[in-house]
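One structure below.
Values quoted throughout were computed directly from the atomic coordinates according to the rules given, and no laboratory measurement underlies them. Everything numeric in this text was worked out from a predicted model, so none of it was measured. Because the Cβ atoms are built from the backbone with ideal geometry, glycine has one as well, and the counts that use them run over all protein chains shown.
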Amino acid sequence: MHRLTHQQRALHDCPHAFHLHTTAVLLRKIQTPHRAPLHKIIPCRRHHVHVLFDPPQAADTEHTSAAITSSSPEDVVRAFYTAVNAKNIDNALQYIADDILYEDFTYPDPKVGKGAVQAFLQDVCALVPDGLDYIVDDITSGDDSKVGVVWHVELDGKPFPNARGCSFYKINSQGKICYARDIVESPIKAGDVALQAIGTLAPLVKQFGSNPTIPWASVGLWGFYAGM
């Protein structure tokens, strides 16, 4: 009587292993001579198969940079938001260019350079409570260097008041954010008063320009009363 080999007996006892065994043979045939096998099959008891995959090598900096470069601008921005929501500053910074210019119109001055953005993110993560997330409502796609985002903020899954905004990003050739501008919803809803103030201030701006030495507080107060 013909005796089954150990491998044949394992495949007979474990029918599902046949397909894995066939796949393994084909993979070994197409692999280069210097490459380690993708996986090995260990015969086991009936109706059970364990597949052991060779552990992946630790990703180095060059591999990570290559992955970012190959990502679309939309993917880069989404990954940045994910890292910020997780308060993972190190992960967020890998998407930031060294020479970034970041403008947040809530603040008077822009953040210039990766170090300034890092300090800003550290302040944000230290101040905001856990469970506060930036939710992407809409995002542009298809451009190879620019992305627009409409977003809002939620706290524990509930919309946070007066916390909607839109952002614009430029992505450099290395797949990193080199320019960002955030426009955040104002908690003060001036309405028609704002339009009246603009109409009042326009002649002064034409005459004096946008020189910050002009006493804008007095001008604004005058414009407010003029519109009453």
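Can you check what the net charge comes to around residue 112, using other residues whose Cβ is under 14 Å from the Cβ of residue 112 (Lys, Arg +1; Asp, Glu -1)?
Working: positive: 111, 114, 181; negative: 98, 99, 103, 104, 109.
Here the count lands on -2.
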* Take the Cα gyration tensor of segment 61-184, multiply each eigenvalue by 5, square-root it, and list the three semi-axes largest first, rounded to whole angstrom. => 22, 16, 15
* **Rel. contact order, % - alpha carbon contacts under 8 angstrom, at least six apart, segment 141-190** => 31 percent
* Structure fact -> Highest mean packing first, using Cβ neighbours within 10 angstrom, the peptides 158-165, 143-150, 90-97 sort as 90-97, 143-150, 158-165
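Take the cross-link list 146/206; 87/158; 146/189 and give me the ones stretching past 27 Å between alpha-carbons.
Values: 146/206 33 Å; 87/158 19 Å; 146/189 30 Å.
From 146/206; 87/158; 146/189, over 27 Å: 146/206; 146/189.
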* Asked: So what's segment 76-130 giving for Rg/Rh, alpha carbon basis, Kirkwood Rh from the mean inverse pair distance?
  -> 0.94
